[in-house]
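These notes concern the structure reproduced below.
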Ligand code: ATP
């Protein structure tokens, strides 16, 4: 069979290099990871669809998270609460009042920008939690230094805070439903808080315990330019851990460590991760850190790990009038549990993995692009090729191999174009192994297995393939 002789040279990964973002966006479109939503109608700002490989990757991220957070943890259970919830929940949580970002509009190009981000860019400590008056004051003080990130001009409207909750007319059949809206959830954790008592009463959990949930969240984000980093519809991975008040900081440190390790286990280089401490805490929070990833546009939040005191359950107890205290059999005390949380986004983890894995290297005369992604997360684990499309014996045998391996792994059968092209395509979507069935295979009942990263080729007997991959995948 034709050998893939171009051995790779050891060029460094360039995930965070200049121009990397454009390359990643282009790869995502070209290879079926991510498409702009409603593209044939001109798109819908800040909404994206996952294509065949993106859907696989997103599912694998969610599976890895669920395994880490629920399957491997005796003390954490899963939940899948609805997207729509009673509107009072969003009053109790403070979202109706305070879930707002400060917006200014460039008078020249009409770009709408987040003032807290513009202030941060010039090194001024600011965040979305500041009141309109507070951030206006900061703006006035630093006005001369702030430029429009779109056109470079410096003429803006006054600051206005915009609420991020997305409203709907669910169950409302009047003309003016916006007075009494039902919201699409702005975060998944509220579904966890309001089910805390149900979980407690229906399962064997005891404090300390956690509830984990994966689900969609919706936010009317003002600036939504960094591809899937900030979208208006996105998926969250959240775990809320209910604890004895006095143990809050001890458990918080443990959770921080656990979450950090998760990203290392996904294959992210520790140099591309860092902790960011929140300086301006909301009044009820004990401590708040974010895990940041070194995206091609710099270090930005990947996940929040926060110690929230008893604020969330106290608010829901107050607004619902229900008793949400925990009767602790061990201490004989009754209290509202404190909560520490871990909150990440599927899209941001995906973008981190794409940035981390995107690699260009020289292979002989050619440049090849590889997505060096953790094998467990790769959308396709094994690609199976007959050497030639027009040789029925090869196609038949390749189909047999495909038929037996697809029972265990996500596989892809490909007989399109020459072998070199098929390898390149699989490299770009991060497939760890490609199998080729050639004329020798017909006699020896074996295949060539080619490794994505080393490009090394090995002959393996067909009957031993399952075992071969068991040790590798
Ligand atoms: P940011 O400061 O970047 O707006 P945030 O602090 O508002 O994020 P949280 O409310 O803590 O974010 O949400 C938890 C996680 O959900 C974030 O760490 C991120 O991974 C994800 N997330 C939040 N907003 C978005 C969004 N608009 N698009 C994609 N993911 C998001």
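The values are calculated or read from the model by the stated rules, or taken from the named source; none is laboratory data. Keep in mind it's a predicted model, so treat the numbers as computed, not measured. Note that we place each Cβ from the backbone using ideal geometry, even for glycine, and neighbour counts take in every protein chain shown.
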**Message:** Can you tell me which residue is surrounded by the fewest Cβ atoms within 10 Å (Cβ to Cβ) among those in segment 362-392 that are touching a helix residue (DSSP H, G or I) at 6+ places or on another chain (Cβ under 6 Å) and more than 19 Å from residue 457 (Cα to Cα)?
**Reply:** 377
**Selected residue [away from the ligand (no atom under 16 Å from the Cβ) and under 19 Å from the mean Cα position of the chain (by Cα)] from 273, 264** = 264
**Prompt:** strands (runs of 3 or more DSSP E) wholly in segment 32-108 with at least 1 residues that are within 16 Å of the ligand (Cβ to nearest atom) and surrounded by 17 or more Cβ atoms within 10 Å (Cβ to Cβ) - which ones?
**Reply:** 34-36, 48-50, 100-105
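Taking the condition assigned to a strand (DSSP E or B) and modelled with pLDDT under 95, does residue 362 pass?
yes
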**Candidates 359, 330 - the one that is within 26 Å of residue 410 (Cα to Cα) and either surrounded by 15 or more Cβ atoms within 10 Å (Cβ to Cβ) or more than 14 Å from the ligand (Cβ to nearest atom) (or both)** = 359
**Message:** Checking residue 231 against (1) away from the ligand (no atom under 15 Å from the Cβ); (2) touching a residue at least 60 places away in the same chain (Cβ under 8 Å): exactly one of these is not met. Which one?
**Reply:** (1)
**Request:** For segment 165-183, indicate whether the set of residues that are modelled with pLDDT of 95 or more, within 13 Å of the ligand (Cβ to nearest atom) and in contact with a strand residue (DSSP E or B) (Cβ under 6 Å, 6 or more places away or on another chain) is non-empty.
**Result:** yes
**Complete:** Selection from segment 291-310 of residues within 19 Å of residue 341 (Cα to Cα) and more than 9 Å from the ligand (Cβ to nearest atom) yields 292, 293, 305, 307, 308, 309, 310
**Fill in**
When restricted to 282, 346, 244, the only residue within 12 Å of the ligand (Cβ to nearest atom) and surrounded by fewer than 20 Cβ atoms within 10 Å (Cβ to Cβ) is 282
